[in-house]
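Structure record follows, encoded as structure tokens.
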Amino acid sequence: IPGISSLCIMPSLVAVLATVATLVVGALSVVFSMARKNKNLEVVLTRFLLNYRWLWTIPFVLPLSAAFDIFWYVRYRFTVGDRVNSSKHEARVKGIVDQIKKWNAEGRKRRLCTARPNWMTISLRIAKFKEECNQIRIDLPDILEIDLKNGRVRVEPLVDVGLLTRVLTPLGWTIPVIPEFEDLTVGGLCMGYGIENTSHKYGLFSNLVQEYEIVTSTGDVVLAR
């Protein structure tokens, strides 16, 4: 049966792609390590990666990127959706508070930063500075509430614009300021203001926010309106 055959083939195909991608990443890691010791090799490698980026972008990066987006959407629909438990959010915030209080108890020896890995950011910069900082794990990736009556949505900071748009559009709603990159997170846009082509009418992305839930450096949770 074609349908069943396709279902049987897909996991194998995904496994093969994942294995090949792992090997490629491993090989590139070794090459980059060598390149750091040899500047000429680093220049040659950089040019090769730029000129022939389609070699890994088309067969690996694009499929993995699509699979990543599908995973988060399916996760929202089948594990979160309209069943978000506010106590779960409170428990996550408490986890952040505990990390902050531990940092205070240890004498604030290092600066604070998030523990978000480089591969989850849209920046090309490798954030090496994080190695010398106290990294705070922030597991806040969910849409908490959609209030259609008042036209409001309550989200955690790691919700990206792509997921938010895909969830709101079928309901007949959208956010007034939509960034071009759907991987940008709500928290990142608020911190970076987020100016887009509708900002002349609605302002910056941060101007859309009516309330922030903030964990201070002392471990207190406050609501800023």
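Data overview
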read-out	value
Among (1) touching a helix residue (DSSP H, G or I) at 6+ places or on another chain (Cβ under 8 Å); (2) of a type in the set (A, V, I, L, M, F, W, C); (3) exposed (fewer than 14 other Cβ atoms within 10 Å of the Cβ); (4) assigned to a helix (DSSP H, G or I), the one test that residue 163 misses	(3)
Near pairs, Cβ below 9 angstrom, 6+ apart or cross-chain, from region 111-137 (in contact (Cβ under 8 Å) with a residue 60 or more places away in the chain) to any residue that is open to solvent by less than 60 Å² (accessible area, probe 1.4 Å) and in a loop (DSSP other than H, G, I, E, B)	112/133; 112/217; 122/184
Neighbours by Cβ (under 7 Å, 6+ apart or cross-chain): first from region 200-223, closer than 15 Å to residue 157 by Cβ; second among the aliphatic types (A, V, I, L, M) and in a loop (DSSP other than H, G, I, E, B)	205/177; 208/175; 208/177
Region 194-225, residues that are more than 20 Å from residue 160 (Cβ to Cβ), outside any strand (DSSP E or B) and open to solvent by less than 50 Å² (accessible area, probe 1.4 Å)	203, 216, 219
Test result for residue 80, of a type in the set (Val, Ile, Thr), at pLDDT below 85 and open to solvent by 70 Å² or more (accessible area, probe 1.4 Å)	no
Residue in region 138-155 that is assigned to a helix (DSSP H, G or I), among the charged types (D, E, K, R) and touching a residue at least 12 places away in the same chain (Cβ under 8 Å) present	no
Within region 89-121, tally of residues that are touching a strand residue (DSSP E or B) at 6+ places or on another chain (Cβ under 9 Å), assigned to a loop (DSSP other than H, G, I, E, B) and surrounded by fewer than 17 Cβ atoms within 10 Å (Cβ to Cβ)	6
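The values are calculated or read from the model by the stated rules, or taken from the named source; none is laboratory data. Quick caveat, the model's predicted, so the values are computed rather than measured. Note that we place each Cβ from the backbone using ideal geometry, even for glycine, and neighbour counts take in every protein chain shown. Heavy atoms of the whole protein, side chains included, go into the accessibility calculation; ligands, DNA and RNA do not. Shrake-Rupley method; radii C 1.70, N 1.55, O 1.52, S 1.80 Å.
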